[in-house]
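Chemist: Quick one: the structure is below, and I'll ask about it shortly.
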Amino acid sequence: MDNWKKISFLVGVFAFAREFRPIEPFYAAYMTSPYINCTVEQVPTELYSVGSYSMFVLIIIIFLVTDYVKYKPVLIVDGIGGVFHYTAIANSPSKLRIQFGQAFYGFFFSAEVALFGYLYAMVEEKEFYQKITGHARAATLTGKFFSSCLSQILAITYGTPPYNALVYMSIFGMSFTTVWAIFLPKVKYSLYFPNKKKVDETSMGQSTVTVYNPQKYKDSQLSIEAASNEEKIKNYENNEVEEEYSVVKELYKDFKQSYSDPYVCKLCFWWAVAMGGYLQVYAYINVLYTYVLEENEDTEFTLYNGAAESLNTLIGALSAFTISKVKWNWYSVGDIFFAIGSIIAAIVLLCCVYCRNLWYIYAFYIIYGMMYQTMLTIAESEVAKRLNKKCYGLIFGFNTFIAVCINTIIIYGVIQGHFIKINIAQQFLIYTVLYVVLAIFFFGSSILRMFRDEGIVEYN
């Protein structure tokens with residue numbers, strides 16, 4: 001088997017298992033159920049916010065150390081963080097215990113940045129990047145699909161979601177993820193932190209001989225050898241300091257070089273802003289379901305959150321896998337593709353603000369997920385193609401960091417009401433604005449490209 005196929009398969013299994021978290025579609029319902037008895041207002045402001053702030057702090061640390069530890073250890077600890085998170089919410093936990101678990105969820109999410117960095121670091125051939133990105137994205141979404149289907153089947157079978165069973169299944173999924181990560185192949189070397197060179201053993205050996213064979217050399221030669229050895233040790237210590245300084249310089253140089261490419265910069269802008277919106281939508285769509293039911297005073301409606309999530313991920317997986325096979329010149333058609341995709345995402349999110357029919361909201365969420373996953377697959381693969389191999393963790397981590405910053409600002413300013421105070425449905429208007437901004441930006445970029453190309457034609 002070709003190396004890229006082997007790595008794609010191994011990462012795909014990891015991504016699939018990582019998304020086996022059956023409690024997720026009913027997380028908000030679990031928080032507001034008699035088992036915990038939080039209000040629909042407390043869930044976003046007092047529980048989810050802890051995870052967001054934890055994510056904001058930890059993402060900085062993780063994307064800086066990912067390359068230093070060569071990716072794999074971060075993937076292992078990612079699984080362990082998931083185990084701690086879901087263990088903390090098992091068996092009717094207190095609010096304090098849930099908040100403790102949310103802190104680990106912040107770590108669990110932050111460590112995801114290592115997944116695609118590991119994938120690209122293990123595959124040399126850039127011509128396969130679009131394929132392996134599509135495969136990994138499809139594996140992620142297929143894991144969500146299987147997990148959501150299982151939770152919905154159990155909810156229908158028992159008449160209500162079996163919350164504790166779903167939590168324990170999620171713990172199992174995270175445990176398997178951890179074990180699988182342990183057996184993944186190692187990245188052979190750190191790109192920014194090469195192994196430090198040891199003091200030459202041969203020269204140290206000569207020094208020892210000199211000390212214990214004094215008759216072989218004159219006293220003057222002894223002093224010269226000793227002084228020479230001390231000088232080598234001092235030079236080694238100085239080299240360590242210079243090496244650490246050179247790492248910072250190298251990081252800055254690669255960061256500047258990567259973002260100096262206008263095409264990369266443009267796609268990273270979409271990536272960061274769109275992911276910031278996605279983090280919000282994914283976290284609060286279940287809260288919106290509960291809010292709509294309470295507003296409608298509908299106590300008989302059977303929640304199909306798991307079915308909606310499974311269709312969202314299945315269609316998203318098929319879209320991601322299909323788009324990975326498309327041989328378009330994305331440099332030429334990408335602007336209009338991202339513009340149209342972003343405006344569709346904005347329209348369906350806007351519909352969620354005013355619609356009070358859960359069936360329609362389910363449909364809008366499915367369409368949104370399909371558009372987001374399709375565009376993200378192209379953005380990731382196109383950025384990866386134009387980056388130096390050692391920049392993946394740095395750039396992917398920074399994009400995720402900006403997304404988390406956007407997410408945190410919305411949490412602090414809107415959801416917790418420090419800037420403006422609005423209800424959960426009106427929050428989706430903020431997410432709509434994010435995608436409208438992206439649509440305007442890429443429509444403008446496509447128009448500028450059209451005028452520039454026409455100018456070139458006229459000049460020729």
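The values are calculated or read from the model by the stated rules, or taken from the named source; none is laboratory data. Keep in mind the model is a prediction, meaning the values are calculated, not measured. Backbone-built Cβ (ideal geometry, glycine too); neighbour counts: all protein chains shown. Side chains included, ligands, DNA and RNA excluded: accessible areas come from the protein's heavy atoms. Shrake-Rupley method; radii C 1.70, N 1.55, O 1.52, S 1.80 Å.
Chemist: Scanning for something crowded, with 19+ Cβ neighbours inside 10 Å, over 15 Å from the mean Cα position of the chain (by Cα) and under 17 Å from residue 401 (Cα atoms), does the range 92-103 turn up at least one residue?
Modeler: Among the residues of the range 92-103, at least one is crowded, with 19+ Cβ neighbours inside 10 Å, over 15 Å from the mean Cα position of the chain (by Cα) and under 17 Å from residue 401 (Cα atoms), which makes the answer yes.
Chemist: Six or more apart or on different chains, Cβ atoms under 6 Å: show the pairs whose first residue is in the range 113-135 and surrounded by fewer than 22 Cβ atoms within 10 Å (Cβ to Cβ) and whose second is not in a helix (DSSP H, G or I).
Modeler: Matching pairs, first to second residue: 131/324.
Chemist: Mind checking which residues of the range 258-284 are in contact with a Cys (Cβ under 8 Å, 6 or more places away or on another chain) and not aromatic (Phe, Trp, Tyr)?
Modeler: Correct list: 258, 276.
Chemist: Quick one: is residue 410 open to solvent by less than 60 Å² (accessible area, probe 1.4 Å), at pLDDT 85 or above, out of contact with any Lys or Arg (no Cβ under 9 Å at 6 or more places or on another chain) and assigned to a helix (DSSP H, G or I)?
Modeler: Answer is yes for this residue.
Chemist: Residue 360: within 19 Å of residue 284 (Cβ to Cβ), surrounded by fewer than 16 Cβ atoms within 10 Å (Cβ to Cβ), at pLDDT 90 or above and out of contact with any Lys or Arg (no Cβ under 7 Å at 6 or more places or on another chain), yes or no? Break it down into steps so the answer makes sense when it comes.
Modeler: Numbers: within 19 Å of residue 284 (Cβ to Cβ): yes; surrounded by fewer than 16 Cβ atoms within 10 Å (Cβ to Cβ): yes; at pLDDT 90 or above: yes; out of contact with any Lys or Arg (no Cβ under 7 Å at 6 or more places or on another chain): yes.
Yes, satisfied.
Chemist: Is it true that residue 124 is of a type in the set (Asp, Glu), at pLDDT below 85, out of contact with any strand residue (DSSP E or B) (no Cβ under 7 Å at 6 or more places or on another chain) and over 21 Å from residue 313 (Cα atoms)?
Modeler: For residue 124, the condition - of a type in the set (Asp, Glu), at pLDDT below 85, out of contact with any strand residue (DSSP E or B) (no Cβ under 7 Å at 6 or more places or on another chain) and over 21 Å from residue 313 (Cα atoms) - is met.
Chemist: Can you confirm whether the range 374-384 contains a residue that is of a type in the set (D, E, K, R), in a helix (DSSP H, G or I) and open to solvent by less than 40 Å² (accessible area, probe 1.4 Å)? Talk me through it step by step, then tell me what you get.
Modeler: To start, the set of residues in the range 374-384 that are of a type in the set (D, E, K, R) comprises 380, 382.
Keeping just the survivors that are in a helix (DSSP H, G or I) gives 380, 382.
Add one more test, that the residue is open to solvent by less than 40 Å² (accessible area, probe 1.4 Å), and what stays is 380, 382.
Yes, the range 374-384 contains at least one residue that is of a type in the set (D, E, K, R), in a helix (DSSP H, G or I) and open to solvent by less than 40 Å² (accessible area, probe 1.4 Å).
Chemist: Next question, about the same structure. Looking at this structure, is residue 54 open to solvent by less than 60 Å² (accessible area, probe 1.4 Å), assigned to a helix (DSSP H, G or I), in contact with a Gly (Cβ under 7 Å, 6 or more places away or on another chain) and hydroxyl-bearing (Ser, Thr, Tyr)?
Modeler: So residue 54 fits the description; yes.
Chemist: If we scan the range 210-224, do we find a residue that is at pLDDT 65 or above and either part of a loop (DSSP other than H, G, I, E, B) or more than 48 Å from the chain's Cα centre (by Cα) (or both)?
Modeler: There is no residue in the range 210-224 that is at pLDDT 65 or above and either part of a loop (DSSP other than H, G, I, E, B) or more than 48 Å from the chain's Cα centre (by Cα) (or both).
Chemist: Output the residues belonging to the range 307-355 that are in contact with a Phe, Trp or Tyr (Cβ under 7 Å, 6 or more places away or on another chain), among the small types (Gly, Ala, Ser) and either open to solvent by 20 Å² or more (accessible area, probe 1.4 Å) or over 17 Å from residue 434 (Cα atoms) (or both).
Modeler: Once the filter is applied, which keeps residues that are in contact with a Phe, Trp or Tyr (Cβ under 7 Å, 6 or more places away or on another chain), among the small types (Gly, Ala, Ser) and either open to solvent by 20 Å² or more (accessible area, probe 1.4 Å) or over 17 Å from residue 434 (Cα atoms) (or both), the range 307-355 yields 308, 310, 317.
Chemist: Could you run through the range 19-51 and say how many residues are of a type in the set (Ser, Thr, Tyr), part of a loop (DSSP other than H, G, I, E, B) and open to solvent by 20 Å² or more (accessible area, probe 1.4 Å)?
Modeler: Within the range 19-51, residues that are of a type in the set (Ser, Thr, Tyr), part of a loop (DSSP other than H, G, I, E, B) and open to solvent by 20 Å² or more (accessible area, probe 1.4 Å) number 3.
Chemist: I'm trying to understand the selection: among the residues of the range 156-201, which are at pLDDT below 90 and among the small types (Gly, Ala, Ser)?
Modeler: The answer is 159, 190.
Chemist: Still on this structure: Give the range 104-118 a look and list any residue that's under 13 Å from the mean Cα position of the chain (by Cα) and assigned to a helix (DSSP H, G or I), or say none.
Modeler: 105, 106, 107, 108, 109, 110, 113, 114, 115, 116, 117, 118
Chemist: Across the range 21-58, what is the total count of residues that are farther than 17 Å from residue 104 by Cα, under 24 Å from the mean Cα position of the chain (by Cα) and among the hydrophobic types (A, V, I, L, M, F, W, C)?
Modeler: 2
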